[in-house]
Amino acid sequence: MYRNAPFAWRARVTALPGMTLEQLIPAPARAEAVPGSSFVAGPATTLWAGPGTESTERWLRATLGAALGLPLTPGAEGAGRSVVLLVDASLEPEAYRLTLDEARVEIRGGAAPGVFWGAQTLRQLFGPDAFRRAHLRPGTPYSLPACVIEDAPRFGWRGMMLDVARHFMPKDGVLRYLDLLAAHKLNVFHFHLTDDQGWRVEIKRHPRLTEAGSWRARSKWGHRNSPLWEERPHGGFYTQDDIREIVAYADSLHITVVPEIDVPGHSQAAISAYPHLGSTDVVDTRALTVWDTWGVSKNVLAPTEDVLRFYEGVFEEILDLFPSTFVHVGGDECPKDQWKASAAAQARIKELGVEGEDGLQSWFIRHFDTWLTARGRRLIGWDEILEGGLAEGAAVSSWRGYRGGIAAAKAGHDVVMCPEQHVYLDHRQDGGPDEPMPIGFVRTLEDVYRFEPVPAELTEEEATHVLGTQANVWTEVMENQDRVDYQVFPRLAAFCEVAWRRLPAPAERDFAGFERRMTAHYARLDALGVDYRPPAARCPGSGGRPPKG
Ligand code: ACM
C-alpha cells in the first residue's frame with residue numbers, strides 16, 4: 001500500500017464523498033447540475049473579491065484555503081480558474097447564487113451575508129477535507145461538479161441558545177460553536193449568560209458578580225432530584241475583552257450574538273454576590289451561595305428602585321459590548337413566594353398600583369422594555385413576559401409550546417419559536433436505556449426534522465411576526481463540550497433544514513432523503529471533530545427504540 005501511494009495520489013483529482021449536489025445540508029432551494037463539466041481547484045486558483053465581500057474573502061482563505069492547501073491568491077475578476085465573489089443587490093441580502101463552470105466559481109450574494117452562505121455551500125461541495133484545519137494532501141487538485149445553485153433562507157432568525165451558566169463553556173469552545181453554527185447557515189447565537197448557578201460576564205462596576213458569582217462549590221450530578229454530587233468547584237466567566245472577541249468573531253461569520261441577562265428570576269448567583277438584590281426582609285440573603293443544584297430557585301430579585309439602578313448599570317455595560325438590536329432579559333420562571341412574604345414587596349404593589357405579584361413582574365420587565373427602547377434597542381424575553389402586556393416593539397421567545405408565540409403574534413409582537421416540546425436539545429434523542437442522563441421529552445432526529453416553526457393557527461399576516469426559530473441548549477447535564485456536542489448533533493443539522501428551507505408540511509417531509517444526505521454530513525462533522533450522537537446503525541446496543549407499553 002505504501003509503495004505507490006506518494007506518487008499515485010499526487011496526480012489524482014480527489015473525488016471524495018460529499019461532493020454531489022444531493023448531499024448538501026441544508027439542501028438549497030434549487031440546484032442544477034451541468035453534466036460533463038467541472039471546475040478543478042488547485043494551487044493556481046485565484047480569488048477575486050468584489051466590494052462588500054471582504055468577510056467571505058478572509059474566511060475562504062483562512063478556512064477553505066488552509067483546509068485544502070489552496071493559496072487563493074488575489075486574482076482579476078475575469079481571470080480563468082478563479083473564485084469570484086460579488087454583491088448583487090437584485091437578490092435578497094441573505095440569498096445567493098453559486099455558479100460553477102470550467103472557468104470559474106462565482107458566488108453572488110444579495111449582501112455580504114448571502115455571499116458568506118454561498119461560500120458555506122461551496123465548502124460542502126469540496127467534501128469533508130474542507131472541514132479540517134490543515135490539509136492532508138499537498139498539491140491535490142479538487143474537482144467540483146459544474147452547477148447552478150440558487151438559495152435563500154426561509155427565516156431571518158435561525159438560532160441556537162447556549163446556556164453557559166449551568167456549565168461554563170470556555171471561550172475557545174464558544175468560538176468553535178460559532179464556527180459550527182455558520183457551517184449550518186445559522187445566524188443568531190443567543191448567549192444565556194446568567195442564572196442561579198453562575199454569572200458569566202464581567203461587569204466592571206459590579207465586580208463581585210464574577211468574583212463571587214461565577215463559581216459554585218459543587219454541582220448536582222444528574223437530575224435535580226438525584227442523590228449524587230460532583231464534589232468539586234465549577235465556574236468561570238468571560239472578561240469584557242473575551243466578549244468583544246466573541247462578538248467580533250461572530251460578526252465575521254455573519255452571526256448576531258443576542259445576550260441574555262435573566263431577570264427577575266434565575267438570579268441567585270447575583271444575589272449571593274450582592275445580597276441587597278434579594279428580599280432581605282424574608283431571607284438572610286448574606287448566607288446565600290451560588291446555587292449548586294438544578295431547578296428554579298426561589299431567591300429572586302427584590303422589586304426595589306435600588307435593584308433597577310443596579311441592573312441598569314449591568315445593561316449599560318451589556319449594550320456597550322453587544323451591538324445586537326435585541327437584548328434578552330429572560331423573564332421566565334420567577335417564583336413569587338418571597339414577594340408574597342415580603343412586607344416591602346407588598347408595599348411596592350400598593351405604591352405602584354399593580355395587580356399583585358404578577359403585576360410586579362410585569363412592572364419589572366416593562367421598566368427594561370422602556371429603558372432599552374429609549375436606547376434604540378428591542379427587548380426580547382421568554383413567553384412569561386406576555387402576561388402583563390408588553391410595549392410595542394418587544395418580542396417573545398416562545399418556549400412553553402406554541403401558545404405564547406401565537407398570542408404574541410396575534411397581538412402584533414414578533415416571535416422566535418423555540419417550543420420545549422420540539423427544540424430543547426437537552427431532551428433525550430432516544431427512549432432507549434443507554435441515553436446519557438435521559439431527561440425530558442424524547443426528541444429524535446426525525447422529530448426535529450418534522451418541527452414546524454409557524455403554527456397553523458396564525459393567519460398569513462400574523463405569521464409575518466414569526467422572525468424565525470432557535471434550538472435551545474440547557475446544560476444542567478452537559479458538564480463539558482463533549483456532552484454539548486452529543487446533545488446538539490446531529491439534531492442541529494435537522495434543525496438547520498427547518499430554519500433555512502421552505503419544507504413541506506411535517507408529515508410530508510422526506511426524512512429518508514435527509515438521512516441519506518446525513519451520510520455525507522457525518523463525514524463533515526467527523527472532520528470538524530464533533531462528538532455527535534452516532535446513528536443507531538453505527539452503535540449496536542444503543543439507540544434502541546423506546547420500551548413497549
Ligand atoms: C426556560 O426554559 N426556562 C426558558
**OP:** Would you mind calculating the relative contact order of the stretch 204-247 from Cα pairs under 8 angstrom and at least 6 residues apart, reporting the percent as a whole number?
**Re:** 32 percent
**OP:** With everything on Cα atoms, drop me the angle between helix 343-352 and the longest principal axis of the chain, reported from 0 to 90° to the nearest 10.
**Re:** 80 degrees
Original post:
If the viscosity is 1.306 mPa s and the temperature 10 °C, what translational diffusion coefficient in µm²/s does Stokes-Einstein give for the chain when Rh comes from Kirkwood over Cα pairs?
Top reply: 64 µm²/s
Original post:
How much of the DSSP beta bridge set in the chain is antiparallel, as a percent to the nearest 5?
Top reply: 35 percent
Subject >> Nearest 10 degrees, 0 to 90: helix 112-125 Cα axis against the chain principal axis >> reply: 60 degrees
Original post:
Given the pairs Lys336/Lys410; Lys185/Lys410; Lys171/Lys340; Lys220/Lys336; Lys204/Lys298; Lys220/Lys340, which are separated by over 31 angstrom at their Cα positions?
Top reply: Lys171/Lys340
**OP:** Give the order of Trp117, Trp48 when sorted by the count of other beta carbons within 10 angstrom, beginning with the fewest.
**Re:** Trp48, Trp117
Original post:
Mind listing the phi-derived Karplus ³J(HN,Hα) values for the stretch 432-446, rounded to whole Hz, using 6.51, -1.76 and 1.60 with θ = phi - 60°, and x for any glycine or proline?
Top reply: x, x, 9, 5, x, 6, x, 10, x, 6, 7, 10, 7, 4, 5
Subject >> Helix-only CD estimate at 222 nm, as mean residue ellipticity for the chain, using -39500 (n - 2.57) per DSSP H run (n ≥ 4) >> reply: -9000 deg cm²/dmol
**OP:** Kindly express, to the nearest 10 degrees and within the range 0 to 90, the angle between helix 491-500's C-alpha long axis and the longest C-alpha principal axis of the chain.
**Re:** 80 degrees
Subject >> Calculated FRET efficiency for the pair Arg375/Arg205, C-beta based, R₀ 22 Å, to 0.05 >> reply: 0.85
**OP:** Report the net charge of residues surrounding Leu91, where surrounding means a beta-carbon distance below 11 angstrom and charges are Lys +1, Arg +1, Asp -1, Glu -1.
**Re:** -3
Original post:
Counting only the backbone N, which residues of the stretch 391-412 are under 17 Å from the spot 7 Å out from the Cα of Thr459 toward its beta-carbon?
Top reply: 406-412
**OP:** Quick one: compute the contact order of the chain, relative version, from alpha carbon pairs under 8 angstrom and 6+ residues apart, as a percent.
**Re:** 14 percent
**OP:** Just the ratio, please: alpha-carbon radius of gyration of the stretch 269-312 over 2.2 N^0.38 Å, N its number of residues.
**Re:** 1.12
Original post:
How big is D for the stretch 42-194, in µm² s⁻¹ as a whole number, if Stokes-Einstein is applied with the Kirkwood radius of its Cα pairs at 4 °C and 1.567 mPa s?
Top reply: 79 µm²/s
Original post:
Normalised by the number of residues in the stretch 155-220, what is the relative contact order in percent for Cα pairs under 8 Å and 6+ residues apart?
Top reply: 35 percent
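No value in this document is a laboratory result; all are computed from the given coordinates. Note that the structure is a prediction, hence the values are computed from the model and not measured. We place every Cβ from the backbone using ideal geometry, glycine too, and count neighbours over all the protein chains shown.
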